[in-house]
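Undergrad: Sharing a structure with you now.
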């Protein structure tokens, strides 16, 4: 891994809605004892502190303290007591915003992913599935995503059109079109019912 390939802290020190778009096509990597596992990011969701669905909405607690941390760290939490979800913290320290990594197109370490998921298909098409496939644990909450073993490296711009749509799996803020995905990708968690915007483009911070 070349240090130039890894997204740096400054990349995340921005509005999570733009970070969420820029992350599409980048590669989430986890170096584990079983070897390297990775996938191309094809779906994301943005969360901001004024958003009632964001964990930062009611202020800091012991559970959510890392969403208020510095940009570029991981915020990993347990959803419904079962699924571990990986978020990338954005904006400045103390703000409370993040991007949820919702789905990946599996790239490296497929055999290990299949063993962890106990299946051959649908390895990373959901936020809880991808953390299981890549062996991402709660212990990695608060760790840097700008260095090994868990990091995101640059990737090619998506070939499919980038869409925004409403988020899923939440009960508040459901009207906000802050879910972003690559049209035509089979590993999307849930296909959009409505499309808010088409043709979204990277900001240029990802060569």
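No lab work stands behind these numbers, since they all come straight from the coordinates. A quick note: this is a predicted structure, and the numbers were derived from the prediction, not measured. FYI the Cβ positions are ideal-geometry reconstructions off the backbone, even for glycines, and counts take in every protein chain you see.
Undergrad: Could you list the square roots of 5 times each eigenvalue of the Cα gyration tensor of the chain, that is, the equivalent ellipsoid semi-axes, sorted largest first and rounded to whole Å? Mind showing how you got there, number by number?
TA: Working: eigenvalues 97, 78, 63 Å².
Taking √(5λ) for each Cα gyration eigenvalue gives 22, 20, 18 Å.
Undergrad: Could you work out how far the C-alpha centroid of segment 52-76 sits from that of segment 122-166, in angstrom?
TA: 18 Å
Undergrad: Assuming R0 = 35 Å, can you tell me the calculated FRET efficiency for the pair residue 77 and residue 198, based on Cβ-Cβ distance, to the nearest 0.05? Walk me through the numbers on the way to the answer.
TA: Details: r = 31 Å, r/R0 = 0.90.
The computed FRET efficiency comes out at 0.65.
Undergrad: Take residue 156 and residue 168, extend 7 Å from each Cα along the Cα→Cβ direction, and tell me the distance between the two endpoints in nm.
TA: It is 2.7 nm.
Undergrad: Grab the DSSP H runs of the chain that are 4 residues or longer, score each as -39,500 (n - 2.57), total them, divide by all residues and round the 222 nm result to the nearest 500 deg cm²/dmol.
TA: On the way: 4 runs with 28 residues, N = 207.
Only helices count here, giving -3500 deg cm²/dmol.
Undergrad: Quote the FRET efficiency, to the nearest 0.05, computed for residue 31 versus residue 120 with a Förster distance R0 of 35 Å and r equal to the Cβ-Cβ distance. Write out the running numbers ahead of the final one.
TA: Numbers: r = 23 Å, r/R0 = 0.67.
That gives a FRET efficiency of 0.90.
Undergrad: Could I ask something else about it? List 41, 82, 136, 188 from most exposed to least, where exposure is judged by having the fewest other Cβ atoms within 10 Å. Could you put the intermediate results ahead of the total?
TA: On the way: 41 28, 82 7, 136 23, 188 20.
In order of increasing Cβ crowding within 10 Å: 82, 188, 136, 41.
Undergrad: Between residue 143 and residue 186, what is the label-point separation in nm under the 7 Å Cα-to-beta-carbon projection?
TA: Each label point is offset 7 Å from its Cα along the Cβ direction, giving 3.1 nm.
Undergrad: In addition: Using a ≥ b ≥ c from the Cα gyration tensor of segment 73-186 (square roots of the eigenvalues), is it rounded, prolate or oblate, where a/c under 1.5 gives rounded and otherwise the larger of a/b and b/c decides, a/b for prolate?
TA: On the way: a/c = 1.33, a/b = 1.10, b/c = 1.21.
Because its axes are fairly even, with a/c under 1.5, segment 73-186 counts as rounded.
Undergrad: If you don't mind, there's one more thing I want to ask. Would you please give the FRET efficiency between residue 63 and residue 205, computed as 1/(1 + (r/R0)^6) with r the Cβ-Cβ distance and R0 = 22 Å, to the nearest 0.05?
TA: 0.10
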